[in-house]
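The values are calculated or read from the model by the stated rules, or taken from the named source; none is laboratory data. Computed from a predicted model, the values in this text were never measured in an experiment. Positions of Cβ are backbone-derived with ideal geometry, glycine not excepted, and every protein chain shown enters the neighbour counts. These accessible areas exclude ligands, DNA and RNA; they are computed on the full protein's heavy atoms, side chains included. Shrake-Rupley method; radii C 1.70, N 1.55, O 1.52, S 1.80 Å.
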Amino acid sequence: MLNIVVCVSGGGTNLQAIIDNIENKNIRNTQIRGVICNNAGAYALKRAENAGIPAFCISPKVYGSREEFNQAFLQKLQELAPDLIVLAGFLVILPEQMTKLYENRIINIHPSLIPSFCGKGYYGLKVHEAALARGVKITGATVHFVDEGTDTGRIILQKAVEVLEDDTPESLQRRVMEQAEWVILPQAISQLASGGDL
Ligand code: GRF
């Protein structure tokens, strides 16, 4: 059994894709041990509740210092003891020691074809604004291992999505989520759960 913890900050549609794919057995031999969220108002928490998954809101805002947040976050992870940590729209800088503690056991979904439009400052809609500004005809999403850098870990899966003439950042984000993110994130977890090489 692959025990996973999913870290979220927003709407949780990637979390929902994982939940649904476990439900329909596209992802086997996997259970979500818990959801960690840094934003008390995130709809992702509702999705976890609806699915009966323990959810923990750990926000840097409620701790006196970043160090205290880091300790609380690492403590919760230790309690949940995941085999794999999935960052699904998690907008928090990870504690430095985390990538060492969980080396090759943290994956992230990024809404572009890395190495394009990634790194510091490229998240959410900003990624799609940059892709449209550059005039690329193809964009997509990437699942990669998380290392000490930003979006620099080994690439696991990618999926391309066409950019349409009349795309706005919002319409492009939606299509990249629907056609790429919600497909390759569950696929990567399924491959890891079946011991597949990535
Ligand atoms: C998505 O755009 C994803 O690409 C990025 O953050 C957003 C998360 O969306 N990592 P959701 O919370 O999974 O709906």
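Taking max minus min of the alpha-carbon positions on each principal axis, segment 16-60 gives extents of 34, 16, 14 Å, largest first.
What is the dipole size for the chain, taken about its Cα centre, with +1 at each Lys and Arg Cβ and -1 at each Asp and Glu Cβ, in debye to the nearest 20?
On the way: 18 positive and 21 negative charges, 36 e Å.
Dipole size: approximately 180 debye.
Using a cutoff of 8 angstrom between alpha carbon atoms and counting only pairs six or more residues apart, the relative contact order for the chain works out to 22 percent.
Taken over the Cα atoms of segment 140-198, the convex hull encloses 83 Å³ per residue.
Considering all projection directions equally, how large on average is the shadow of the alpha-carbon convex hull of the chain, in square nanometres? Walk me through the intermediate numbers first.
Values: hull surface 42.4 nm².
Projected area, direction-averaged: 10.6 nm².
Straight-line cross-link reach from residue 46 at under 26 Å between alpha-carbon atoms covers these lysines, not counting any fewer than eight positions away in the same chain: 25, 61, 76, 126. Here segment 1-132 exposes an accessible surface that is 50 percent carbon and sulfur, computed with a 1.4 Å probe and the other protein chains kept in place.
Could you state the number of Å between the C-alpha centres of segment 43-69 and segment 147-198? The two parts, judged by their Cα centres, are 24 Å apart.
Per residue, the accessible area of the chain comes to 49 Å² when a 1.4 Å probe rolls over the protein heavy atoms.
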